[in-house]
Amino acid sequence: MRIATWNVNSVRARLESLLAWLEIRSPDVVCLQETKCLDERFPREELEGLGYQVAHHGQRAYNGVAILSRRSLEDVVRGIGDERFDSEARVIGAQIEDFLVLSVYAVNGVEVGHDRFDHKLRWFRALRDFLALRYPMNEKVVLCGDLNVTIDDRDVWDPQRWRERILCSTPEREALEGILALGFKDALRKFRQEGGVYTWWDYRLRGFERGWGLRIDHMLLSAPAFDACTGFEVDVEAREGKKPSDHAPVVATFGDPG
DNA sequence: ATGGTCGCGGAGCGA
């Protein structure tokens with residue numbers, strides 16, 4: 001079983017690249033973020049044509065999350081059951097065989113001290129409460145997505161430059177730590193301890209060409225999922241081509257590496 | 001400190 005997560009920055013703008021990537025990599029499950037469209041504009045038929053069942057939770061122009069699965073997709077949950085936050089489409093979950101999969105797009109927060117920064121911290125607390133209520137950690141829980149936070153300075157190309165700035169600040173890292181404290185572990189760190197693994201590069205700074213990256217897309221695993229995880233990679237090549245997303249896909253393998 | 005590039009939707013907002 002291979003599970004991927006990818007912030008595509010508009011599923012419609014990225015459809016050609018996404019379809020080509022799915023054909024080459026053929027993951028069993030794909031969590032998408034920033035689909036940026038209503039459900040009726042989601043390219044369902046094209047994805048079903050590649051053998052995927054589709055669950056989408058979208059809105060007009062912003063946000064939007066989806067789960068694609070070549071295996072049976074059941075018990076779809078949209079939102080976190082908190083009306084303070086569910087006007088923005090940021091969370092979708094589903095059961096896929098013995099995995100509980102979540103596709104999450106965290107609040108960005110703009111900058112430290114901004115109104116949206118405080119909103120981001122409150123949103124993380126609400127997400128934590130939702131997970132604590134609905135996701136038994138003795139199951140194989142796979143929380144995927146653009147969490148818009150670096151876990152520590154190994155996830156930052158220039159920690160001095162990014163010190164206490166958005167995506168890297170102590171309050172954000174503590175908010176993410178609140179999720180991890182439920183019992184999740186960072187899939188990457190089962191395999192690699194060194195820094196320099198990034199998933200996002202700013203379009204504006206021409207960050208990819210300069211190696212100016214951050215790791216803000218994560219796969220957080222419950223202990224049973226962590227134990228079952230046999231591989232992890234960031235597909236940096238997908239950030240290279242023409243008209244790329246600003247994020248690279250992350251792919252984890254569970255069970256037989258094949 | 002500032003600006004830079006995308007995508008949506010058709011001006012300005014969000015990232």
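The values are calculated or read from the model by the stated rules, or taken from the named source; none is laboratory data. No experiment lies behind these values; they were computed from the predicted model shown. Heads up, the Cβs are rebuilt from the backbone with ideal geometry, glycines too, and the neighbour counts pull from every protein chain shown.
A few remarks follow.
- Scan segment A:31-47 for residues that are away from DNA strand B (no atom under 16 Å from the Cβ), within 18 Å of the chain's Cα centre (by Cα) and without any contact (Cβ under 8 Å) to a residue 60 or more places away in the chain and the total you get is 0.
- Checked against (1) touching an Asp or Glu at 6+ places or on another chain (Cβ under 9 Å); (2) part of a loop (DSSP other than H, G, I, E, B); (3) within 16 Å of DNA strand B (Cβ to nearest atom); (4) of a type outside the set (S, T, N, Q), A:Leu50 meets all criteria but (3).
- With respect to the conditions (1) surrounded by fewer than 19 Cβ atoms within 10 Å (Cβ to Cβ); (2) within 16 Å of DNA strand B (Cβ to nearest atom), A:Leu167 lacks only one, and its number is (1).
- Some residue of segment A:66-88 being of a type in the set (Gly, Ala, Ser), within 13 Å of DNA strand B (Cβ to nearest atom), assigned to a loop (DSSP other than H, G, I, E, B) and exposed (fewer than 14 other Cβ atoms within 10 Å of the Cβ): yes
- Matching residues, segment A:1-12, being closer than 18 Å to A:Gly64 by Cα and away from DNA strand B (no atom under 16 Å from the Cβ): A:Ala4
- Residues of segment A:114-166 satisfying the condition of being assigned to a loop (DSSP other than H, G, I, E, B) and closer than 23 Å to A:Ala66 by Cα: A:Tyr135, A:Pro136, A:Met137, A:Glu139, A:Leu147, A:Asn148, A:Val149, A:Thr150
- Members of segment A:13-30 found to be within 16 Å of DNA strand B (Cβ to nearest atom), surrounded by 19 or more Cβ atoms within 10 Å (Cβ to Cβ) and either modelled with pLDDT under 95 or assigned to a helix (DSSP H, G or I) (or both), listed by number: A:Leu18, A:Trp21
- Residue ID - surrounded by the fewest Cβ atoms within 10 Å (Cβ to Cβ), chosen from residues in segment A:199-258 that are away from DNA strand B (no atom under 15 Å from the Cβ) and of a type in the set (Ser, Thr, Tyr): A:Thr230
- The residue pairs whose first member lies in segment A:12-26 and is of a type in the set (Gly, Ala, Ser), whose second member is surrounded by 14 or more Cβ atoms within 10 Å (Cβ to Cβ) and part of a helix (DSSP H, G or I), and whose beta carbons are closer than 8 Å, counting only pairs six or more residues apart or on different chains, are A:Ser17/A:Ala238.
Residues are listed down the side, and each one gets a yes or a no for (1) in contact with a helix residue (DSSP H, G or I) (Cβ under 6 Å, 6 or more places away or on another chain); (2) modelled with pLDDT of 95 or more; (3) within 28 Å of A:Leu131 (Cα to Cα):
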site: A:Glu172; (1), (2), (3): no, yes, yes
site: A:Leu188; (1), (2), (3): no, yes, yes
site: A:Arg204; (1), (2), (3): no, yes, no
site: A:Phe226; (1), (2), (3): no, yes, yes
site: A:Pro244; (1), (2), (3): no, yes, no
site: A:Pro257; (1), (2), (3): no, no, no
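- First in segment A:132-153 and at positive phi, second anywhere and modelled with pLDDT under 95 and within 16 Å of DNA strand B (Cβ to nearest atom), Cβ under 6 Å, 6 or more apart: none
- For segment A:169-198, a tally of residues being over 23 Å from A:Gly255 (Cα atoms) and touching a residue at least 60 places away in the same chain (Cβ under 8 Å) returns 1.
- Hits in segment A:155-168 - residues which are over 22 Å from A:Ala126 (Cβ atoms), out of contact with any Ser or Thr (no Cβ under 7 Å at 6 or more places or on another chain) and free of Cβ contacts under 8 Å to residues at least 60 places away in the same chain: A:Trp157, A:Asp158, A:Pro159, A:Gln160, A:Arg161, A:Trp162, A:Arg163, A:Arg165
- All of (1) within 18 Å of A:Pro136 (Cβ to Cβ); (2) within 19 Å of the chain's Cα centre (by Cα) hold for A:Glu74 with one exception: (2).
- Restricting segment A:89-108 to residues that are assigned to a loop (DSSP other than H, G, I, E, B) and within 16 Å of the chain's Cα centre (by Cα), the residue that is nearest to A:Leu176 (Cα to Cα) is A:Ala106.
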